[in-house]
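To start, I am sharing the structure in question, which I have written as structure tokens.
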Amino acid sequence: MDQPKIAVFALGGTIATQPGQSAGLIPTLTGEALVRTVPQLADLASLEVTTFRQLPGPDLAFADLEALASAIENAASAGADGIVVTQGTDTIEETAFVLDRIVASDVPVIVTGAMRSPVAPGADGPANLLAAVRVAASPAARDLGTLVVFDDDIHAARFVTKAHTSRPSAFRSRPSGPLGFVVEQRVRMVAHVNRLPPIGRCASPQRHRVALVTLGLDDDGALIELAANQGYSGVVIEGYGGGHVSGVAAQAVGRVSPNIPVVIASRTGAGEVLSGTYGFPGSEIDLGERGAIRAGWLDGIKARILLTLLLRHEANDIARHFALWGGGTAASAAR
Ligand code: ASP
């Protein structure tokens, strides 16, 4: 029987690190070398490996991921049954969400990495890569958007978050749990997400900086206005509780929102931004009247990704896109 065809794109990260000339690890392993460290892959799939970037996770940019999305679509058109992306874990929760939102193909796209380098005792990269290829080759993973496979859990891109600095079990899904897991040779899906239509891409997206501002006690929100004055194209605020800011910061939101989109998420990291409970200055009702857009249940990190993509690809109704995630404005809310 023909083996499934899996395209592997290596971007760097801990999974590809080796000791450098001076102190510390750097991502220098090629994708081909990485795949050679897992001989069991040959029994699973026929692999086409591309060393796409050799970067630490924090150096990946939107332009890298847009180029990767095109390469993924080309590989799918050329007959790949699934895609595996290996990269740094520091930004997986963001890059997976980018791919989920812009790849126009129903082929499984699986992102993985490692928390321990290939030279560390108990290195987790080989097991993660093997599990990722297994999931990418599984028909059960089709049409679920981008998935993150890590420590034998299968996470939806929209839910996944890096929740620990160093453990191999660093990834969590919220507000729900993982969609499935890998056990022995099996891919077991126990939940399903409805894929949302991807954002249409511009041929030459322009650079847009979006500030992510987390508020703290006695915060006047000066950074909100500073970002607007420094040429940022949008601001995501991680406000208190249900999506609140102080009365002073609310005035800053009101001054900025006629010029650039201001999106309110919650710094709590769980739950949906409220839409109609509180009426004090800086509450969700007040911020809505001042023109702010609710992030819904997306956290600040993912709301920033979504807003940046919408700006880069010139989407014409930003609030309506946030309404797909339970946010938006009163006029756009999906109730
Ligand atoms: N700690 C990161 C990793 O796990 C480093 C990076 O993101 O490149 O890969």
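Of the residues 108, 56, 27, 4, which single one is modelled with pLDDT under 95 and buried (at least 18 other Cβ atoms within 10 Å of the Cβ)?
Selected residue: 27, the only one of 108, 56, 27, 4 that is modelled with pLDDT under 95 and buried (at least 18 other Cβ atoms within 10 Å of the Cβ).
Right, next: Check 55, 29 and return the single one that is touching a Pro at 6+ places or on another chain (Cβ under 8 Å), touching a residue at least 60 places away in the same chain (Cβ under 8 Å), farther than 23 Å from residue 79 by Cβ and within 16 Å of the ligand (Cβ to nearest atom).
Just a single option satisfies the conditions, and that option is 29.
Could you say which residue among 32, 48 is touching a strand residue (DSSP E or B) at 6+ places or on another chain (Cβ under 9 Å) and under 15 Å from residue 109 (Cα atoms)?
One residue alone meets the criteria, 48.
A follow-up question, please. Check 132, 120, 71, 127 and return the single one that is surrounded by fewer than 20 Cβ atoms within 10 Å (Cβ to Cβ), in a helix (DSSP H, G or I) and either within 16 Å of the ligand (Cβ to nearest atom) or charged (D, E, K, R) (or both).
Exactly one residue qualifies, and that residue is 127.
Is it true that some residue in the range 288-304 is free of Cβ contacts under 8 Å to residues at least 24 places away in the same chain and either of a type in the set (S, T, N, Q) or part of a loop (DSSP other than H, G, I, E, B) (or both)?
No, the range 288-304 contains no residue that is free of Cβ contacts under 8 Å to residues at least 24 places away in the same chain and either of a type in the set (S, T, N, Q) or part of a loop (DSSP other than H, G, I, E, B) (or both).
Shifting gears a bit: Quick one: would you say residue 21 is away from the ligand (no atom under 16 Å from the Cβ), part of a loop (DSSP other than H, G, I, E, B) and not acidic (Asp, Glu)?
In short, yes.
Follow-up. Within the range 309-321, how many residues are closer than 17 Å to residue 99 by Cα, in a helix (DSSP H, G or I) and more than 12 Å from the chain's Cα centre (by Cα)?
4
So how many residues does the range 241-273 have that are crowded, with 19+ Cβ neighbours inside 10 Å and either closer than 13 Å to residue 221 by Cα or touching an Asp or Glu at 6+ places or on another chain (Cβ under 8 Å) (or both)?
Of the residues in the range 241-273, 14 are crowded, with 19+ Cβ neighbours inside 10 Å and either closer than 13 Å to residue 221 by Cα or touching an Asp or Glu at 6+ places or on another chain (Cβ under 8 Å) (or both).
The values are calculated or read from the model by the stated rules, or taken from the named source; none is laboratory data. None of these values were measured; they are calculated from a predicted model. Please note: Cβ atoms are built from the backbone with ideal geometry, for glycine as well, and neighbour counts cover all protein chains shown.
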